[in-house]
Amino acid sequence: ATPTSIMAGSGRAAEFGILFKGGEHLETTHHIDTVIVDKTGTVTNGKPELTEVIVSKGMDEEAFLSLIGSAEKQSEHPLAEAIVQGIHDRGIKLQKVEAFEAIPGYGVKTTVNQKVILVGTRKLMNQYHVDISGVLQVMEDLEVKGKTTMLASIDGQYAGMIAVEDTIKETSKKAIKRLKEMNIEVIMMTGDNGRTATAIGKEVGIDQVIAEVLPQGKAEEVKKLQAAGKKVAMVGDGINDAPALAVADIGMAIGTGTDVAMEAADITLIRGDLNGIADAIIMSRKTMRNIK
Ligand code: ADP
Ligand code: MG
């Protein structure tokens, strides 16, 4: 590639809100055949809202939410923020927390009023031997609607569940369609459960979903595809995505996401619109064609 064609290409891309970190990425992007997109904040807007609160029999809803809110207040996870906001909007007061532990990919563990509160996934409940057998069906019914559903226990007893719903970016469906028309394989990857992920994938036309990936597992999934001969672009916004963005043949960060993701990536999609993925590949192809 001549420096002139690279410069012209980078300039044109920048006008579309696509920032290539270096000229070499404008060259390598053209051979991408697989795109992995993160779910929350990438395919979706990443601003979930608390939509359901279901408490176990005999549990007072307000007391329940006060404990859950107090626990989540300590967490920096986007889900926690949504939960705390929803509880605040319901006018419920929070309490002082005596201990807190974030369990990445699973949830949180807190002590409030000398009660041990767990909020998170099925796996978290199973780890602490909380019996959730009676509520799994209700949880699944929420998940197939695309809602992220979390379970809570108080002192080892199941106490209730909460669900949050995230909205899908208006541009995601069309952006995915364009990639598929270019014969690019599209996969969605998330720490969220398979049912929720499949429901959201269905809405945007992604049928391949890798779910329940632990934070440290995202880069491993990219490597697996590379080992199978794929040229992989990873697209994400979160701190959790950074290792995968770095390992991918091309990492694309969402401009509205975290700085950590942008630092790890080769390209930043300033507008957060996934159409930038196809645009970047097309521009790279054009640049390479001008060179030959
Ligand atoms: P994502 O890729 O969706 O950001 P994470 O790996 O961060 O997912 O988390 C996976 C799952 O762990 C979440 O879908 C949720 O069920 C649970 N979880 C994570 N953090 C929290 C939290 N602060 N409170 C409750 N549940 C949580
Ligand atoms: Mg994300």
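The values are calculated or read from the model by the stated rules, or taken from the named source; none is laboratory data. Every value quoted in this text rests on a predicted model; they were computed, and no experiment measured them. Here the Cβ is made from the backbone with ideal geometry for all residues, glycine too, and neighbour counts use every protein chain on show. All accessible areas refer to the heavy atoms of the entire protein, side chains included, with ligands and DNA or RNA removed. Shrake-Rupley method; radii C 1.70, N 1.55, O 1.52, S 1.80 Å.
Structure notes:
- For segment 220-235, a tally of residues being open to solvent by less than 20 Å² (accessible area, probe 1.4 Å), more than 13 Å from ligand 2 (Cβ to nearest atom) and under 17 Å from the mean Cα position of the chain (by Cα) returns 2.
- Residue in segment 78-95 that is out of contact with any helix residue (DSSP H, G or I) (no Cβ under 7 Å at 6 or more places or on another chain) and polar (S, T, N, Q) present: yes
- Selected residue (criterion: most open to solvent (accessible area, probe 1.4 Å)) from residues of segment 94-110 that are among the aliphatic types (A, V, I, L, M) and touching a strand residue (DSSP E or B) at 6+ places or on another chain (Cβ under 8 Å): Ala102
- Among the residues of this structure, Thr28 counts as one that is away from ligand 2 (no atom under 16 Å from the Cβ) and assigned to a helix (DSSP H, G or I).
- Checking each residue in segment 31-54 for being closer than 27 Å to Leu151 by Cβ, more than 11 Å from ligand 2 (Cβ to nearest atom) and among the acidic types (Asp, Glu) picks out Glu49, Glu52.
- Going through (1) in the same structural domain as Met262 (by TED's automatic domain parsing); (2) aliphatic (A, V, I, L, M); (3) open to solvent by 30 Å² or more (accessible area, probe 1.4 Å) one by one, Leu26 falls short only on (3).
- Residue that is away from ligand 1 (no atom under 13 Å from the Cβ), at pLDDT 95 or above and either under 25 Å from Pro243 (Cα atoms) or not basic (Lys, Arg) (or both), where the choices are Val108, Val37, Val53: Val53
- Selection of segment 111-123 for residues being on the phi < 0 side of the Ramachandran plot and open to solvent by 20 Å² or more (accessible area, probe 1.4 Å) yields Thr111, Lys115, Val116, Thr121, Arg122, Lys123.
- Residue that is most open to solvent (accessible area, probe 1.4 Å), among those in segment 74-93 that are within 15 Å of ligand 1 (Cβ to nearest atom) and either outside any helix (DSSP H, G or I) or touching a Pro at 6+ places or on another chain (Cβ under 6 Å) (or both): Glu76
- Annotation: Asp249 fulfils all but one of (1) within 13 Å of Thr29 (Cα to Cα); (2) open to solvent by less than 40 Å² (accessible area, probe 1.4 Å); (3) in contact with a Ser or Thr (Cβ under 7 Å, 6 or more places away or on another chain); the unmet one is (2).
- Of all residues in segment 1-22, those that are open to solvent by 30 Å² or more (accessible area, probe 1.4 Å) have Cβ atoms under 7 Å from Cβ atoms of residues that are in a helix (DSSP H, G or I) and β-branched (Val, Ile, Thr), 6 or more apart or on another chain, in Ala1/Thr287; Ala1/Ile291; Thr2/Ile291.
- Any chance Asn193 is out of contact with any helix residue (DSSP H, G or I) (no Cβ under 9 Å at 6 or more places or on another chain) and either of a type outside the set (A, V, I, L, M) or more than 16 Å from Gly41 (Cα to Cα) (or both): no
- Among strands (runs of 3 or more DSSP E) entirely within segment 145-198, having at least 2 residues that are in contact (Cβ under 8 Å) with a residue 12 or more places away in the chain and open to solvent by 50 Å² or more (accessible area, probe 1.4 Å) singles out 157-165.
- Some residue of segment 44-58 being surrounded by 17 or more Cβ atoms within 10 Å (Cβ to Cβ) and on the phi > 0 side of the Ramachandran plot: yes
- Condition check for Gly238: under 27 Å from Val144 (Cα atoms), open to solvent by less than 50 Å² (accessible area, probe 1.4 Å) and away from ligand 2 (no atom under 16 Å from the Cβ): no
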